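Here is the structure we will look at.
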Amino acid sequence: MKATFGGGCFWCTEIIFLNTPGIRKVLPGYMGGKRENPSYEQVCSGATGHVEVIDIDFDAEQISFEKLLGIFFKTHNPTTLNRQGEDVGTQYRSVVFYHNAEQKLATEKIIADLEALQAFEDPIVTAVEPAQVFWPAEDYHINYFNRNPDNPFCAAVIAPKLTKYLSTF
């Protein structure tokens, strides 16, 4: 099955799901914009309307879509519009691109449940939108953290996030 999430920089979200049992493949890319086959630079300009996303292929017998949503909502800030940490712009917005009616309903239910529990200090701004054409990111973005562990961004931002995830889940 497929799941597609936008939760900030795809380098940060990719590594979380690569370390999740039941995941077959995680591919960073772009969705939700108006330009065909956009480049990273075009998406980063904010002019295309695309979001940095991860496209997840998962085994529904090993992990449910709802569990993936739980991980998604616990590993990024769904209350900041067009921002994750120091990454600012519409390409970093929080969004679940659903692939069927069940995913849409599950996402809306989890958001409603989190809001009812007041799980976050601020309201959730995560968009719930139908999946569109997925444009894979350039090859150098694939498995970025594992291939670039000494990159300052990876060391300072992604490594602590991954460590926290692995100790929590």
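Throughout, read-outs are computed from the coordinates displayed, never taken from laboratory work. Note that this is a predicted model, so its numbers are computed, not measured. Heads up, the Cβs are rebuilt from the backbone with ideal geometry, glycines too, and the neighbour counts pull from every protein chain shown.
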* Using just the alpha carbons, could you tell me how many Å³ per residue the convex hull of the chain encloses? => 110
* Debye, to nearest 20: dipole size of the range 2-168, +1 on Lys, Arg Cβ, -1 on Asp, Glu Cβ -> 80
* Asked: Once both labels are modelled 7 Å past Cα along the beta-carbon direction, what's the Asn146-Phe169 spacing in nm?
  -> 1.5
* Hey, got the dipole for the range 93-169? About the Cα centre, +1 on K and R Cβ, -1 on D and E Cβ, debye to the nearest 20? -> 200
* Between Gln118 and Gln42, what length in nm is gained on full extension when 0.36 nm per residue of separation is reduced by their alpha carbon distance? -> 23.7 nm
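If you take every DSSP beta bridge whose two residues both sit in the chain, what share of them, in percent to the nearest 5, is antiparallel?
In the chain, DSSP labels about 85 percent of beta bridges as antiparallel.
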* Structure fact -> Per residue convex hull volume, Cα only, the range 70-169, in Å³ is 129
* Structure fact -> FRET efficiency for Lys67 and Phe153 from the Cβ-Cβ distance with R0 = 25 Å, rounded to 0.05, comes out at 0.35
